[in-house]
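Structure first, commentary second.
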Amino acid sequence: MRLQGAFFGALFGFALTCGLAFSRQAEVAAGEEPERPVLKAPAVAAGESGPARFAGVFYRAFDAEAAMEGARFVDRYYRAPGNEGYNATLDKLRRKLGAAGFGEQEGFGLREIESDLRGKAWTPRSASLELLATDGTVEKLHGFSSPEGRDRVMLPINAPSADLEGPVAFDLDGLSAGAVLVTEGDLNGRVLRAARKRGAALVLSSSLNDFGVDPRGQDEHLDAILFCAVSAQVGIPVGKISPRTHKRIVARASAGAPPRVRFRAKVSWSEGPLRTLVATIVGASKPEEAVATAAHVQEPGAGDNASGVAGLAQGACTLAELIQAGELHRPARSIVFIWGDEMRQSAIWLEDTKLQPVAGISADMLGQSFAETGSICLLERSPDPGSLDTLAPDQHTPWGAGQVREEHIIPNGLALIARTAMADVGLVVGGWQTFENPWEGGSDHDVFLGRGVPAILIWHFTDFTYHTGLDRMARLDGEELRRTTTVVFATALAVADLRQGDLERYFASCKLEEEMRSGVALAAERPDVAERWRTWSLGAAEWLRKMCVDCD
Ligand SMILES: [Zn+2]
């Protein structure tokens, strides 16, 4: 996931509006699971049609341990666009998909698109931060020396190599030439420019996201190092530290002389293309139309997004094997799987493909454990009336609402199908907590939406380890990854193979939603919102009818 922005324009602003019940979970005793929020998504009509045609057979065939093994491989690397870990991940995916028949068998395509990397690829090698005492003792604060090292995100993407030491200052005013600024603020352009101007040797930041507080009462967030990126032209050594380390340096300062730190960083830069990997299950009767799914490879997290990368790959192989074994028939439309650099991967595919995209699904943050992160599986809908006026049961996550205008709302039934898939997977597994949120943005679904293609995001939130060094394999739950990946595939299949027999259930669910939404709106004395939802529901039903592959 990336920072929030205006609808489809990549404006960098960070808006935060919290849905209370969503974000702030009640304090719990240390070691206990976070308290589960009480959230109820709109109801859907029961039935065996639609996603239910696929959920059970796919879920039973999906090998969660193999998917976790895939995530473990990806998690070994700090992936940045075009770097060693990024390319090693794509090579691994190619081998896995090839073994399942992609690029080998008729109707199972596999190819790569090479694009301009727009700069060099950055690969971190090692780093260390030490606190130097006047008596010569050295205290290690952070460090890593292998790709999988715990503290690897102490180096923001594009951080330069460095080997320096200097006295610490805690604000710009106290910063002299050769000193090290230790700040609770972000490594933003303004601070970095000011520090450079004062001749600072290094800037260290301990900032975290507002929602990055451990909901389990264990304060593990104090050991979190926030992952971020700086410009390749940053022109000054930079590093990220945990709040606990910041406190440690401050404690040393109050003991007398300004503390000194030693910082070493080794990184390498390489030239090469940006690779985007594309696998395709070619449709049986409408192969020219495609449902596209995308999982970004770059970024260092296990939840974000080794779980999406591995879940989508294991899922694609599972579906190929089910079709090859005749346990599932080939869908009418093609289904495309994309792995690459977030957002760019979808734009690159959309520009390159001869297929007509009919829907997009971003598979981003699929496998987080509730117990280890406090997050649950969420459906982020495309812009709809709930993005303009957020009434119960809708609420935004701490990620924050995206800016939406009336003209951005184009009725479709994609979210309704995904919501139905979530309910069906819940039935298959005997109960599962999921929820949904109106559009917020920040992942590949935005790229499809920006081209007028209905698109959704399947993710997990609120995850207190999000974009921190804590987001590693221990935060993943194989069974959660299996359930969530099944939602992605049951939704993609239900769109790619939408049949007359599915429509009755969808129309009934449309009606259920419309009645619920307009009821809530009228109770809130918002007849305008009720009207908008009526229009939406009619448009969604029309879209569903149009997507039918065997209707007259
Ligand atoms: Zn992500």
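Does SER382 count as part of a loop (DSSP other than H, G, I, E, B) and within 21 Å of the chain's Cα centre (by Cα)?
Taking the combined requirement at face value, the residue satisfies it.
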Restricting to the range 329-355, count the residues that are under 25 Å from ALA67 (Cα atoms) and either open to solvent by less than 30 Å² (accessible area, probe 1.4 Å) or β-branched (Val, Ile, Thr) (or both).
13
Scan the range 134-163 for residues that are among the small types (Gly, Ala, Ser) and in contact (Cβ under 8 Å) with a residue 60 or more places away in the chain and report the count.
3
Restricting to the range 156-190, give me the number of residues that are over 19 Å from ALA121 (Cβ atoms) and in a loop (DSSP other than H, G, I, E, B).
12
Restricting attention to the range 356-378, the residues that are crowded, with 20+ Cβ neighbours inside 10 Å and away from the ligand (no atom under 16 Å from the Cβ) number exactly 7
Collect the residues in the range 61-81 that are of a type outside the set (Gly, Ala, Ser), in a loop (DSSP other than H, G, I, E, B) and open to solvent by less than 20 Å² (accessible area, probe 1.4 Å), keeping them in residue-number order.
PHE62, TYR78, ARG79
Looking at (1) touching a residue at least 24 places away in the same chain (Cβ under 8 Å); (2) open to solvent by 10 Å² or more (accessible area, probe 1.4 Å), which is the only condition GLY303 fails?
(2)
So, in the range 298-317, how many residues would count as being within 11 Å of the ligand (Cβ to nearest atom) and in contact with a Gly (Cβ under 6 Å, 6 or more places away or on another chain)?
1
For the range 459-487, what are the residues that are part of a helix (DSSP H, G or I) and more than 14 Å from the ligand (Cβ to nearest atom)?
MET473, ALA474, GLY478, GLU479, GLU480, LEU481, ARG482, ARG483, THR485, THR486, VAL487
Does LYS247 satisfy the criteria of being among the charged types (D, E, K, R), within 30 Å of PRO398 (Cβ to Cβ) and open to solvent by 10 Å² or more (accessible area, probe 1.4 Å)?
yes
Could you please give the count of residues in the range 109-140 that are in contact with a helix residue (DSSP H, G or I) (Cβ under 8 Å, 6 or more places away or on another chain) and open to solvent by less than 20 Å² (accessible area, probe 1.4 Å)?
7
Taking the range 345-355 and keeping residues more than 17 Å from VAL282 (Cα to Cα) and either within 14 Å of the ligand (Cβ to nearest atom) or not small (Gly, Ala, Ser) (or both) leaves GLN345, SER346, ILE348, GLU351
I'd like the full set of residues that are on the phi < 0 side of the Ramachandran plot and assigned to a loop (DSSP other than H, G, I, E, B), limited to the range 128-155.
ALA133, THR134, ASP135, THR137, SER145, SER146, PRO147, GLU148, GLY149, ARG150, ASP151, LEU155
Here the residues within the range 501-524 that are surrounded by fewer than 16 Cβ atoms within 10 Å (Cβ to Cβ) and within 12 Å of ASP389 (Cβ to Cβ) are ALA524
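Rundown of residues vs (1) within 16 Å of the ligand (Cβ to nearest atom); (2) open to solvent by 10 Å² or more (accessible area, probe 1.4 Å); (3) touching a helix residue (DSSP H, G or I) at 6+ places or on another chain (Cβ under 7 Å); (4) modelled with pLDDT of 95 or more, yes/no style:
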position: PRO259; (1), (2), (3), (4): no, no, yes, no
position: PRO273; (1), (2), (3), (4): no, yes, no, yes
position: THR280; (1), (2), (3), (4): no, yes, no, yes
position: GLU288; (1), (2), (3), (4): no, yes, no, yes
position: ALA320; (1), (2), (3), (4): no, no, no, yes
Could you grab the pairs with beta carbons closer than 9 Å, sequence gap of 6+ or different chains, first residue in the range 170-194 and under 22 Å from GLU130 (Cβ atoms), second one among the acidic types (Asp, Glu)?
PHE170/GLU184; VAL180/GLU165; LEU181/ASP171; THR183/ASP171
Condition check for ALA455: at pLDDT 95 or above and over 26 Å from ALA64 (Cβ atoms):
yes
From the set of residues in the range 525-552 that are open to solvent by less than 40 Å² (accessible area, probe 1.4 Å) and more than 17 Å from PHE507 (Cβ to Cβ), which is farthest from the chain's Cα centre (by Cα)?
ALA530
Condition check: open to solvent by 10 Å² or more (accessible area, probe 1.4 Å) and either touching a helix residue (DSSP H, G or I) at 6+ places or on another chain (Cβ under 8 Å) or more than 13 Å from the ligand (Cβ to nearest atom) (or both). Does ALA325 satisfy that?
yes
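Residues of the range 440-458 being outside any helix (DSSP H, G or I), away from the ligand (no atom under 16 Å from the Cβ) and touching a Ser or Thr at 6+ places or on another chain (Cβ under 8 Å), which ones?
Narrowing the range 440-458 to residues outside any helix (DSSP H, G or I): 440-444, 450-458.
From the residues that got through so far, the ones that are away from the ligand (no atom under 16 Å from the Cβ) too are 450-454.
PRO454, the sole residue that qualifies.
The values are calculated or read from the model by the stated rules, or taken from the named source; none is laboratory data. Model, not experiment: these values are computed from the prediction. Every residue, glycine among them, receives a Cβ derived from its backbone with ideal geometry; neighbour counts consider all protein chains shown. Keep in mind that these areas ignore ligands, DNA and RNA; they rest on the heavy atoms of the full protein, side chains included. Shrake-Rupley method; radii C 1.70, N 1.55, O 1.52, S 1.80 Å.
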